[in-house]
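Heads up: the structure comes next, in structure tokens.
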Amino acid sequence: MAAYKLISGDSHIVEPPDMYTSRIASTYRDRAPRIERRQTPSGQDYDAWFIDGMQVGTLGAVIQAGQRFEDPSAIDFLGLWEDVRPAAYEPDPMLQELEDDGVWGACLQPSQGLFWYRIPDSGLLSAICTVYNDWIVEFCQADPARLKAIGTINIDDVDEACAELERCAKLGMVG
């Protein structure tokens with residue numbers, strides 16, 4: 001590795017399909033973000049995110065990194081969980097990919113989680129943010145010097161947002 005440390009300031013993880021449903025408070029479990037397999041009218045399977053029974057995004061929309069450079073015609077917003085690289089949701093493969101790319105560390109942000117801010121139920125949004133923050137901190141424990149978390153915070157209630165921001169800082173997040 002070079003004498004300097006190359007750091008990615010905008011790396012994204014892909015949230016695992018059961019991350020929210022397995023961790024969220026029981027009062028929100030039935031409404032939590034989840035991935036469900038669907039099929040297009042032509043029969044193509046795809047995985048989509050659902051909240052409250054409504055489709056809010058497709059998995060393929062967040063797993064297209066690199067396609068726009070290699071072959072823009074290959075961009076397909078319909079993807080399957082099996083198509084997601086393990087480095088997108090597991091820390092050890094991510095660290096190996098960083099090493100392979102000559103990148104020392106990464107500031108990690110959500111992918112689909114960036115779209116949760118349109119959820120009108122503030123309590124649900126806060127619960128989702130807490131789940132993500134706890135999960136990403138655990139993810140970064142694989143190598144806290146090289147993996148840095150960016151948290152998610154619901155700002156609908158300023159006092160609540162400040163409390164979650166302080167909790168995120170205590171957990172070691174960098175933003």
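The values are calculated or read from the model by the stated rules, or taken from the named source; none is laboratory data. In this text, all values refer to a predicted model and were calculated from it rather than measured experimentally. Please note: Cβ atoms are built from the backbone with ideal geometry, for glycine as well, and neighbour counts cover all protein chains shown. Each accessible area value is taken on the protein alone, full model and side chains, heavy atoms only, with ligands, DNA and RNA left out. Shrake-Rupley method; radii C 1.70, N 1.55, O 1.52, S 1.80 Å.
Here are the numbers for this structure:
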item: Check on ALA127, out of contact with any strand residue (DSSP E or B) (no Cβ under 9 Å at 6 or more places or on another chain), crowded, with 16+ Cβ neighbours inside 10 Å and under 22 Å from PRO17 (Cα atoms); result: yes
item: Members of the range 22-38 that are farther than 21 Å from PHE77 by Cα, of a type outside the set (Phe, Trp, Tyr) and open to solvent by 30 Å² or more (accessible area, probe 1.4 Å); result: SER22, ARG23, ALA25, SER26, THR27, ARG29, ASP30, ARG31
item: Candidates ALA163, ALA87, ALA61, filtered to the one that is closer than 16 Å to SER8 by Cβ and either of a type in the set (D, E, K, R) or part of a helix (DSSP H, G or I) (or both); result: ALA87
item: Flag for THR152 being under 18 Å from ARG34 (Cβ atoms), in contact (Cβ under 8 Å) with a residue 24 or more places away in the chain, polar (S, T, N, Q) and assigned to a loop (DSSP other than H, G, I, E, B); result: yes
item: Filter result for LEU95 (surrounded by fewer than 19 Cβ atoms within 10 Å (Cβ to Cβ), closer than 30 Å to LEU165 by Cβ and at pLDDT 95 or above); result: yes
item: Subset tally (residues that are aliphatic (A, V, I, L, M) and farther than 16 Å from TRP135 by Cβ) for the range 88-99; result: 2
item: Subset of the range 1-16 [open to solvent by 70 Å² or more (accessible area, probe 1.4 Å) and touching a residue at least 40 places away in the same chain (Cβ under 8 Å)]; result: MET1, LYS5, LEU6, ILE7, ASP10, HIS12
item: Test: residue in the range 115-122 that is part of a helix (DSSP H, G or I), open to solvent by 20 Å² or more (accessible area, probe 1.4 Å), of a type in the set (S, T, N, Q) and at pLDDT 95 or above; result: yes
item: Residue in the range 144-154 that is open to solvent by 40 Å² or more (accessible area, probe 1.4 Å) and over 16 Å from the mean Cα position of the chain (by Cα) present; result: yes
item: Filtered residue count, the range 24-53, keeping only those that are over 18 Å from GLY123 (Cα atoms) and part of a strand (DSSP E or B); result: 10
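Results for (1) acidic (Asp, Glu); (2) modelled with pLDDT of 95 or more; (3) crowded, with 19+ Cβ neighbours inside 10 Å; (4) over 26 Å from GLU138 (Cβ atoms), shown as yes or no for each residue.
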{"site": "ASP18", "(1), (2), (3), (4)": "yes, no, no, no"}
{"site": "THR40", "(1), (2), (3), (4)": "no, no, no, yes"}
{"site": "GLN55", "(1), (2), (3), (4)": "no, no, no, yes"}
{"site": "LEU59", "(1), (2), (3), (4)": "no, no, yes, no"}
{"site": "GLU82", "(1), (2), (3), (4)": "yes, no, no, no"}
